[in-house]
Amino acid sequence: MNKTFLILIAFYISSCVANESFIDNTQTDFQSITFDVVQKELIIEKKIPNHLKILINKWFDEKVKINGFDGNMTFTITNFNQETSFISNGKRIDATLSFKVNLNKPTLSRKKIIEGTVSSYGTIEGDFSLSDFETVIQNTQSDLIMRLSRDLKSNM
């Protein structure tokens, strides 16, 4: 009887400890963009966080399509800035990404340059763990790439 009681108390105490994150990762659903060129290239000029680099490469490899007979496209990440600030009872993440797209068609003597900046933010309030805060950062970076995809598609 004593052993059963101790086992029940141990299960009860261990069930009161929550190790899971209460914030879910954002599911990325990037939009496809097609360029009328033969070749594409991605250049990242500034150092960016590893998670963001993975997202950019995934988006560029899978969702930036080429469909043309001549020309090339160079997509450049020119700047990335991420700041953390304190708000009442929490933290806020502000992220900004600047980009430049060079479309070059030498046979038609055409060159088009698209430049832009996208921004996103995320907040967390109350009691949170470091992993919860890291999830908010990653969600903000994911939203940044989704905004980049939408912005670029609207400028085409």
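Structural remarks
- Each residue, I54 and R92, gets one label point 7 Å from its Cα in the Cβ direction; the gap between the two is 2.9 nm.
- A cut-off of 5 Å between modelled amide H atoms, ignoring neighbours fewer than 5 places along the same chain, links F35 with K65, I66, N67.
- Taking a straight line from the alpha carbon of K40, these lysines sit under 28 Å away, with near neighbours fewer than eight places off in the same chain left out: K53, K58, K63, K65, K100, K105, K111, K112, K153.
- Distance between the modelled labels on D29 and D151, one decimal in nanometres: 2.2 nm (7 Å Cα→Cβ projection).
- Three principal axis extents describe the C-alpha atoms of the stretch 24-93; from largest down they are 56, 26, 17 Å.
- With a Förster radius of 41 Å applied to the C-beta separation of K100 and S129, the computed FRET efficiency comes to 0.60.
Coordinate-derived values only; no laboratory data. Note that this is a predicted model, so its numbers are computed, not measured. Cβ: placed from backbone, ideal geometry, glycine included. Neighbour counts: every protein chain shown.
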